[in-house]
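Student: So that we are looking at the same thing, I have put the structure below in structure tokens.
Just so it is clear, none of the values below were taken in a lab; they were calculated from the coordinates. Computed from a predicted model, the values in this text were never measured in an experiment. Note that each Cβ is placed from the backbone with ideal geometry, even for glycine, and that neighbours are counted across all protein chains shown.
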Amino acid sequence: MSKKILLTTIIYSILSLIMLPSIKGVESFAGCEPKDIVNHVVVKLPEPKYSSKISVEKALLERRSIRDYKNVPLTLSEVSQLLWAAQGITDPRGFRTAPSAGALYPLEVYVVVGNVNDLPAGIYKYKPQGHELVRVAKGDKRGELSAAALRQPCVKDGAAVIVFSAVYERTTQKYGKRGLRYVHIEAGHAAQNVCLQAVSLNLGIVVVGAFDNEEVKSIINMTPKEEPLVIMPIGR
């Protein structure tokens, strides 16, 4: 290697190290280029709570699919708690609230906000590391999402809507085709976590699986490698 090439390589490496810390949250968005998130608004969520007056048994007993909601906002703390239940980190080693085959965590979580106190309408991506939201789109998209979900009213009427997607290759690169099953099992775990957390918060929620995949991907601004799996409207 010539001295000129060596010097250029060293300078490039130093510049990369200087610039990288300024791109907040890049490491937690596998599959996204830095340009996709560097200019987005970051919202620090309230710390989740780890106890409540409702037992697991009581939450299981009372869990029901609720599709009718009042026109009453959710609080930012409630949204924080629901997202933590979905994919929150519960261990210094990075383990989360839902089990994941090989701890590979193929799921991504979005929240479509329409009526939440102290959180402007828009679409946000949940960042488990740091327990934060990164805004990926402005404006109330619940109507568009409802249209993509066969015009189901509950999607439009929920104060917020949680959307799960999966990057299958995170799991299939280790487990092959069997990994597809593991991803779907994980999505079920995470969705049930959110359902039980909703009961604990005295909120209504339903799991929606009927929707146009490509339309949902476009509305949510998912990366090409992501596939939408579950839509979960939430309200009072």
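Student: When N is the residue count of segment 25-235, what does its C-alpha Rg come to as a fraction of 2.2 N^0.38 Å?
Tutor: 0.95
Student: A further question follows. Sort 109, 155, 42 so the one with the fewest other Cβ atoms within 10 Å of its own Cβ comes first.
Tutor: 42, 109, 155
Student: Using θ = phi - 60° and the Karplus relation 6.51 cos²θ - 1.76 cosθ + 1.60, list the HN-Hα couplings for segment 211-226 in order, rounded to whole Hz, with x at every Gly or Pro.
Tutor: 6, 7, 4, 5, 5, 5, 4, 5, 4, 7, 6, 6, 6, x, 7, 8
Student: While we're on this one: Antiparallel DSSP bridges in segment 25-235: what percent, to the nearest 5?
Tutor: 95
Student: Percent relative contact order of segment 25-235, based on C-alpha pairs within less than 8 angstrom and at least six residues apart?
Tutor: Relative contact order here is 27 percent.
Student: Now for a different question. Whole Å is fine, so just give me how far the alpha carbon centre of segment 188-216 lies from that of segment 81-114.
Tutor: Value for the Cα centre distance between the two parts: 14 Å.
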